[in-house]
Structure formats: structure tokens, C-alpha cells
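Written below as C-alpha cells is the structure these notes are about.
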Amino acid sequence: MEMISMEFEWSVVWQALPELFKGAQLTVMIALAGLVGGLIIGIVAGLMRAYGNVVLNVIAFIYVELIRGTPIVVQVMFIYFALPLVADIRINPITAAITAIVVNAGAYI
């Protein structure tokens, strides 16, 4: 039986490095924007739960339980694919990603 030798082609990695760095920058930007927005939403929801009247408490409770009860992938798909169908709201992919992280992080914070 003949052994097949496979070598990793590092030249492809070096050629793609600028694009990989751009992708990493975009990922960090999306994550930071989402977490800052999530922190704001989380603080508001926490204050609603701690100091709000019954209506605000119930709204915050439903938000937290609904978002924590669904996977973030489902939330992203809903924001990007279902929102245009349900509410005729078109969102670009970056905005959909940031919005999903904001909504998700807000519920967990």
C-alpha cells in the first residue's frame, strides 16, 4: 500500500494574512459593539426587575426568559431572515450580528 504524503502549504496562509486580520478586526468590532449595547440593555432590564413596578418587572422577566430560552443562532436567523418577512425591516448582516449580540448579552447581563 502506498502512503500519501500531504504537506501544509504555508504560502496560502501568508497570502491570506491581510484578509484574515481584517476579519479578526471585524469580529472584535462586532463583539465589542454588541457587548457595550448588551451592557446597557442588561442594566436597564436589571433595574426594571429590581426597582420597577409590576408591569416593568413582568416585561423584563419575559424578555430575559424568552432570550435565554432560545439559542443565539435562532435569534440571529430571526433578526436577519424573519424580520424582513414579518415586519418588512431589512437589516444588513453586520447590523443583524450586532443586534443579536446586544439582545442576547442584555438578557444574560
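At the residue level, Thr27 shows approximately 90 square angstrom of accessible surface with a 1.4 angstrom probe and all protein chains present.
Largest GNM mean-square fluctuation among Val64, Val13, Val74, using the chain with Cα springs under 10 Å: Val13.
In this structure Met77 has an accessible area near 100 Å², from a 1.4 Å probe over the protein heavy atoms.
In the chain, the calculated helix contribution to ellipticity at 222 nm averages -26000 deg cm²/dmol per residue, counting -39,500 (n - 2.57) for every DSSP H run with n ≥ 4.
So if R0 is 25 Å, what FRET efficiency would Ile72 and Gln15 give, r being the distance between their Cβ atoms, rounded to the nearest 0.05?
On the way: r = 33 Å, r/R0 = 1.31.
Efficiency computed from Cβ-Cβ geometry: 0.15.
Of the trypsin sites (Lys or Arg not before Pro) in the range 4-109, the ones in a loop by DSSP (not H, G, I, E or B) with at most 11 other beta carbons within 10 Å are Arg90.
The values are calculated or read from the model by the stated rules, or taken from the named source; none is laboratory data. From a predicted model like this one, the values you see are computed outputs, not experimental measurements. All Cβ positions, glycine included, derive from the backbone under ideal geometry; neighbour counts span all protein chains shown. The protein model used for the area step is the full one, side chains on, heavy atoms only, and it has no ligands, DNA or RNA in it. Shrake-Rupley method; radii C 1.70, N 1.55, O 1.52, S 1.80 Å.
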